[in-house]
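The structure appears below as structure tokens.
Only the coordinates and a few stated rules stand behind these numbers; no lab work does. Note that the structure is a prediction, hence the values are computed from the model and not measured. Because the Cβ atoms are built from the backbone with ideal geometry, glycine has one as well, and the counts that use them run over all protein chains shown.
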Amino acid sequence: MATIRKRGETWRVEVRRKGVTESRSFTKKMDAQAWALALEAEIDGGAYRASRAGTKTVGDAFSRYGKEVSCKKRSHLAELRRLAYLSNCDLAKVRLVDLATPDVAAWRDMRLKEVATSTVNRDLNLISHVFTICVKEWHWLRTNPCSDLQRPKDPPPRERRVSASELELIRHVFDYETDTVPRTQQQHVCLMFLIAIETAMRLSEIHSVGKGSFNAASNVVQLPLTKNGTRRRIGVSARAAELIDLFLRSSVRSTPHNLSKCFENGIKRSGIIDLTFHDSRHEAITRLARKVGVLDLARITGHKDIRELMTYYDATPDEIAARLD
């Protein structure tokens, strides 16, 4: 029979059966009882599998995941930075044998005081996958404590458009003269923003464009690897082709992360409120929707589900009315 005791705001349950000793904490007594019954059934049925975690901590799991899993991903550098941050929080100090849903919930509540809901959910996606690997491949955990965790609700999709006056201000603040080859990092990222508005490409996708992947004769760009892990060929406008040619002639070299930070810092200097580089994608899709059908638009943007385009497409009632005449 399991022993269940209340400790502060949580219920601590301990199971001792046939030489097996396991304990876990839960926020609800009924969850503690259900876990104990399921564990006892596993032990009695011979399906119990002991954890191999020993004294390893959540931080150890983050470290191993970074070395064995993150390194195989296209976005490994960004993910390693996130894992480095997570490795310095209190959650990383918890031993895996003691880890329970309330530990992750405490981290979630603390993190929500610092950053937006969407950022917390992205971090939780990463944490949850680390724990899934701990369960399925390393046998460091028996269950994923994120499975029963309540996720914060994401805010509604952004509807940020970029005005002509804002584009002019951005060119001024970033010291970029139209139709010139960039000489500095801020000029380089400014040109990338202009390309993004013409093409709906992400910053990382523009960064990956090389001379061998752009056919100036046909105005076609071959993106070697996109966010969803596939290659994509897209046709671009004559104006976009001119901007891409300037981009390819630039000798400025930087990383997507540094370019993103450069853009963020420049926007702060400009005084423009609530604008990110990714907002260019929303603006571009809304503009492109005036020129091409939804199927062609999906091929340009790389969306496999056409319904996802509604997240970005944001024509105003005035714009729609003008097209009806």
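The trypsin sites (Lys or Arg not before Pro) found in the stretch 74-143 that occupy coil by DSSP, while having at most 16 further C-beta atoms within 10 Å, are R74, K113. For the chain, averaging the sequence separation of C-alpha pairs within contact (under 8 Å, six or more residues apart) and dividing by the residue count gives a relative contact order of 13 percent. In terms of its Cα atoms, the stretch 1-120 spans 47, 31, 22 Å along the principal axes, sorted from long to short.
With θ taken as phi - 60° and the Karplus curve 6.51 cos²θ - 1.76 cosθ + 1.60 applied, the whole-hertz 3J(HN,Hα) list for the stretch 124-141 is 5, 4, 5, 4, 4, 5, 4, 5, 5, 5, 4, 7, 7, 10, 9, 6, 8, 10 Hz, x standing for glycine and proline. Amide H contacts of T57 (H built 1.01 Å from N, in plane; Pro and chain starts excluded): L96 sit under 5 Å, all sequence-distant by 5 or more or on other chains. Taken one residue at a time, the phi angles of the stretch 55-71 give Karplus couplings (6.51, -1.76, 1.60, θ = phi - 60°) of 9, 5, 10, 4, x, 5, 5, 4, 5, 5, 4, x, 6, 9, 10, 4, 4 Hz. Gly and Pro are set to x.
Between 0 and 90 degrees, the angle of helix 238-249 with respect to the longest Cα principal axis of the chain falls at about 70 degrees. Taking N as the residue count of the stretch 108-228, its C-alpha radius of gyration divided by 2.2 N^0.38 Å amounts to 1.53. Here the contact order of the stretch 132-262, divided by its residue count and restricted to Cα pairs under 8 Å and six or more residues apart, works out to 23 percent.
The Q33 and N258 beta-carbon pair, evaluated with R₀ = 51 Å, returns a calculated FRET efficiency of approximately 0.45. Annotation for the stretch 252-325: trypsin sites (Lys or Arg not before Pro) lying in DSSP loop with at most 15 further Cβ atoms inside 10 Å of their Cβ are R253, R290, K291, K304. Taking label points 7 Å from Cα along the Cα-to-Cβ direction, I272 and T316 give a separation of 1.7 nm. Ranked for footprinting exposure by Cβ neighbours inside 10 Å, fewest first, E264, E114 give E114, E264.
Based on a Kirkwood Rh over C-alpha pairs, give the Stokes-Einstein translational diffusion coefficient of the chain at 10 °C and viscosity 1.306 mPa s in µm²/s. Translational D for this selection: 69 µm²/s. Its relative contact order, with pairs defined as Cα atoms under 8 Å and 6+ residues apart, puts the stretch 215-278 at 19 percent. Taken about its Cα centre, the chain carries a charge dipole of about 1240 debye when Lys and Arg each add +1 at the Cβ and Asp and Glu each add -1 at the Cβ.
Taking 7 Å steps out from each Cα toward its Cβ at Y85 and D44 produces label points 4.7 nm apart. For the stretch 175-185, backbone phi angles converted through the Karplus equation (6.51, -1.76, 1.60; θ = phi - 60°) give residue-by-residue couplings of 6, 10, 8, 3, 6, 10, 7, x, 10, 10, 5 Hz, Gly and Pro being listed as x. Put +1 on the Cβ of each Lys and Arg and -1 on the Cβ of each Asp and Glu in the stretch 128-249; which of C190, A217, C134 then has its Cα farthest toward the positive end of the dipole? Value: C134. When Rg and the Kirkwood Rh are both derived from Cα coordinates, the Rg/Rh ratio for the stretch 181-317 amounts to 0.95. Pick from A216, A92, A38: which is most flexible by mean-square fluctuation in a GNM of the chain where alpha carbon atoms under 10 Å apart are linked? Judging by the Gaussian network model, the answer is A38. Here the Gaussian network model covers the chain, with springs between Cα atoms less than 10 Å apart; of L203, L169, L37, L37 fluctuates the most.
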